[in-house]
Amino acid sequence: MKLVVGLGNPGRRYEGTRHNVGFELIEQLGRELGAGRSQAKFDADFLDVSWQGERLLLVRPLTYMNLSGHSVRRFADFFRIPLSEMLVICDDLSLPVGTIRMRPSGSSAGQKGLQHICDQMGSTEVPRLRIGIGAAPSGWDAADFVLSRISGDDRLILDQAISRSSQAVLCWIESGIALAMNRFNGAIPAGEDDKKSEREK
């Protein structure tokens with residue numbers, strides 16, 4: 001069993017904001033894997049699905065971003081899921097828009113939801129996939145920027161990044177984090193959008 005956690009804030013007010021790309025990725029995975037209706041447990045909604053013979057819990061904590069660890073800890077304890085079988089997805093201000101960075105451990109880089117999870121789990125050995133949202137523009141407060149809605153070119157880039165991140169998660173499930181990092185870490189490859197358009201014709 002694996003636990004995939006997408007971070008964000010609940011409620012319509014936060015839909016489509018930069019801080020909620022983790023929620024969007026969970027929704028994307030649910031669609032791709034044919035998940036049914038979400039269930040409620042441990043202050044979260046979650047999808048219970050199977051892929052390649054592996055049971056997956058796709059979780060969106062509803063405690064608000066900065067308290068995400070409470071929900072994650074309860075899932076991990078109840079289902080006896082070790083850290084190595086967990087993946088946390090979150091936004092990252094320090095990465096260029098659309099850049100993907102998966103790591104098996106490390107600091108939170110200031111991402112408060114990820115930090116709270118590390119605190120609750122008592123370890124920085126929490127695998128994570130960070131999706132770059134870019135730095136706050138000059139004159140913007142970082143908190144206001146992450147809670148602003150994604151629009152324009154950033155929306156197009158992040159849609160591609162979420163799609164690519166979904167592939168990265170499935171690669172992690174099937175082949176492990178080292179291969180997923182090797183294949184997917186970095187910016188969206190040039191021409192990938194064109195290739196996608198060709199496939200969809």
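Computed quantities for the displayed model
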{"quantity": "Close pairs (6 angstrom Cβ cut-off, 6 or more residues apart or separate chains): more than 24 Å from ARG31 (Cβ to Cβ) and at pLDDT 95 or above in region 58-85, among the hydrophobic types (A, V, I, L, M, F, W, C) and outside any helix (DSSP H, G or I) anywhere", "calculated": "ARG74/PHE42; LEU83/VAL126"}
{"quantity": "In region 25-40, the residues that are surrounded by fewer than 22 Cβ atoms within 10 Å (Cβ to Cβ) and either part of a helix (DSSP H, G or I) or at negative phi (or both)", "calculated": "GLU27, GLN28, GLY30, ARG31, GLU32, LEU33, ALA35, GLY36, ARG37, SER38, GLN39, ALA40"}
{"quantity": "Of all residues making up region 137-182, the number that are assigned to a helix (DSSP H, G or I) and either charged (D, E, K, R) or at positive phi (or both)", "calculated": "8"}
{"quantity": "Residue within region 1-12 that is part of a strand (DSSP E or B), farther than 26 Å from VAL97 by Cα and either of a type in the set (Gly, Ala, Ser) or at pLDDT 95 or above (or both) present", "calculated": "yes"}
{"quantity": "Strands (runs of 3 or more DSSP E) contained in region 44-92 and holding at least 1 residues within 19 Å of ALA168 (Cβ to Cβ) and charged (D, E, K, R)", "calculated": "54-61, 86-92"}
{"quantity": "Residue that is crowded, with 22+ Cβ neighbours inside 10 Å and in a loop (DSSP other than H, G, I, E, B), where the choices are GLY98, GLY106, GLY134, GLY113", "calculated": "GLY98"}
{"quantity": "Residue among LEU67, LEU93 that alone is within 27 Å of GLN160 (Cβ to Cβ) and surrounded by fewer than 19 Cβ atoms within 10 Å (Cβ to Cβ)", "calculated": "LEU93"}
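The rows are residues; the columns are (1) in contact with a Pro (Cβ under 8 Å, 6 or more places away or on another chain); (2) more than 12 Å from LYS2 (Cβ to Cβ).
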{"position": "GLY30", "(1), (2)": "no, yes"}
{"position": "ARG37", "(1), (2)": "no, yes"}
{"position": "ASP43", "(1), (2)": "yes, yes"}
{"position": "LEU47", "(1), (2)": "no, yes"}
{"position": "LEU56", "(1), (2)": "no, no"}
{"position": "PRO61", "(1), (2)": "no, yes"}
{"position": "ARG74", "(1), (2)": "no, yes"}
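The values are calculated or read from the model by the stated rules, or taken from the named source; none is laboratory data. As the structure is a computational prediction, the values presented were derived from the model and not from experiment. So basically every Cβ, Gly included, is an ideal-geometry build from the backbone, and we count neighbours across all protein chains shown.
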